[in-house]
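Chemist: Mind looking over this structure? Questions follow.
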Amino acid sequence: ELVAAKQRTENREVKRRRVIAASSMVLSLLGIVAIRHSSDVDPSQHTSQVESNAMFRNDVEYQDYPAWTKSVNDVNAQNHINHGKWTSIEGPPFLQRITLYSGNGVDITHGGNIVRKVVGIPKNFGKWEGNRFLANFESQQMRFFQSNKNSALVIPPLSQGNLPILSDYAKGMLKHYVALGHNTLIVCGGPASVEFINQNLYTSSEGTLLFQPAWTRGPYEKQEVCDGTPFQSLPVTLPTMKGHVHGVRTQSLPQDATSYYETGEGSPGGGVSVIFSLKMAEGQLIYVGFDYSTASEPWIRALAAALEFAS
């Protein structure tokens, strides 16, 4: 019995030592060190940045983000996210290279849906939801989205009478997005699209509309300034599409605007530009005047070319 008791004692001691050794190994792997709060603590005793990153290498805090940040692809790729950068490639899950507006005034079943397919944004479980869609310019998503870099925000054709009304705060975020970070705002044509630009981006100091909406019969001619741009490969003319192309008078374009397709000042009704761009600090606005009521190949190629300006 004495021998058996001694053996049991030795076994318990062995187990105790194994537990201590295992605990020490776990603590060592986690990189946890004791941190004292007294003034005589040696800085070398603190957890380093490398050790801290190693502790959470495979633990991206994805649950910290609201539902609109998540899509199937983002959930699958969450371990590749670098939260310390404001870029669509390595940034948080609410930043995308191309984002599509999906709020008031967008027909998500016809013109808006054609635009969605052209820009290559899939639905999220069959719905226009997730971080590739922006439904509200007043939202938390917009507050973060405005800091994106080298990206594009696409506004599908907007219908009259249901135009999104932006507060001064939302207008400021939209202007911040376009002006900083080398971003591109692409606005597709529609009954209210020029009005959206005038109300939220470009109004003269006298309060009058900067861009004057206009319509005239096409075809719309390609201008020499297209050379060396993504529009270079487009046809020499773009079709009228039975009145579904909305433009602005060329005389209302600012001096630093560039008109890529227009009818020319000598045409009946005066000059009307249907594709133009306007620099805004580091970014730019690009207007593509078709409302995408049908899948017109020349106009689809025009929108695809406009997307190439986002770099």
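Chemist: Report HIS246's accessible area, 1.4 Å probe, all protein chains in place, as a number in Å² to the nearest 10.
Modeler: Taking all protein chains as shown, HIS246 has close to 40 Å².
Chemist: Between their Cα atoms, which of LYS171/LYS242; LYS127/LYS279; LYS117/LYS279; LYS175/LYS242 are more than 29 Å away from each other?
Modeler: On the way: LYS171/LYS242 33 Å; LYS127/LYS279 33 Å; LYS117/LYS279 27 Å; LYS175/LYS242 33 Å.
Distance filter (> 29 Å) returns LYS171/LYS242; LYS127/LYS279; LYS175/LYS242.
Chemist: Rounded if a/c is under 1.5, else prolate if a/b beats b/c, else oblate: with a ≥ b ≥ c from the C-alpha gyration tensor eigenvalues square-rooted, which is the stretch 110-203?
Modeler: In terms of gyration-tensor shape, oblate.
Chemist: Turning to a different aspect of this structure: Please give the net charge around LEU253, taking every other residue with its beta carbon less than 14 angstrom from that of LEU253, where Lys and Arg add +1 and Asp and Glu add -1.
Modeler: Charge balance in the 14 Å sphere: -1.
Chemist: Please identify every one of the trypsin sites (Lys or Arg not before Pro) in the stretch 241-294 that sits in a loop by DSSP and has no more than 14 other beta carbons within 10 Å of its own beta carbon.
Modeler: Listed in order of number, the matching sites are LYS242.
Chemist: With the crude spin-label approximation of a point 7 Å out along Cα→Cβ, what separation in nm comes out for GLN140 versus GLU224?
Modeler: 5.4 nm
Chemist: Let me ask another. What shape does the stretch 90-162 take by its C-alpha gyration tensor, where a ≥ b ≥ c are the square roots of the eigenvalues and a/c under 1.5 counts as rounded, a/b above b/c as prolate, and the rest as oblate?
Modeler: Judged from the Cα gyration tensor, the stretch 90-162 comes out prolate (a/c at least 1.5, a/b above b/c).
Chemist: Continuing with the same structure: Using a 1.4 Å probe and ignoring any ligands, DNA or RNA, find the accessible area of TYR261 and quote it in Å² to the nearest 10.
Modeler: 0 Å²
Chemist: Would you kindly find the accessible area of LYS175, with a 1.4 Å probe and non-protein molecules such as ligands, DNA and RNA excluded, rounding to the nearest 10 Å²?
Modeler: Surface open to solvent at LYS175 totals about 80 Å².
Chemist: What do you get for GluC sites (Glu not before Pro) in the stretch 228-300 restricted to DSSP loop and a cutoff of at most 16 other Cβ within 10 Å of the site's Cβ?
Modeler: Filter output for the stretch 228-300: GLU265, GLU282.
Chemist: Further, regarding this structure: Suppose accessible area is computed on protein heavy atoms with a 1.4 Å probe; arrange GLU224, GLU138 from highest to lowest.
Modeler: Order by accessible area, largest first: GLU224, GLU138.
Chemist: If you don't mind, there's one more thing I want to ask. How large is ³J(HN,Hα) for each residue in the stretch 173-179, as worked out from phi by the Karplus curve 6.51 cos²θ - 1.76 cosθ + 1.60 (θ = phi - 60°), to whole Hz, x for Gly and Pro?
Modeler: Going residue by residue, I get 5, 5, 5, 4, 4, 6, 6 Hz, with x marking Gly and Pro.
Chemist: Here's something else I'd like to know. Within the stretch 135-167, list the chymotrypsin sites (Phe, Trp or Tyr not before Pro) lying in a DSSP loop whose Cβ has at most 10 other Cβ atoms in a 10 Å radius.
Modeler: Loop-located and lightly packed - none at all.
Chemist: Still on this structure, please answer the following. Efficiency by 1/(1 + (r/R0)^6): what FRET value for GLU129 and GLN255, r their Cβ-Cβ distance, R0 = 51 Å, to the nearest 0.05?
Modeler: 0.80
The values are calculated or read from the model by the stated rules, or taken from the named source; none is laboratory data. Keep in mind it's a predicted model, so treat the numbers as computed, not measured. All Cβ positions, glycine included, derive from the backbone under ideal geometry; neighbour counts span all protein chains shown. Ligands, DNA and RNA are stripped out before the accessible areas are found, and what is left, the full protein with its side chains, is counted by its heavy atoms. Shrake-Rupley method; radii C 1.70, N 1.55, O 1.52, S 1.80 Å.
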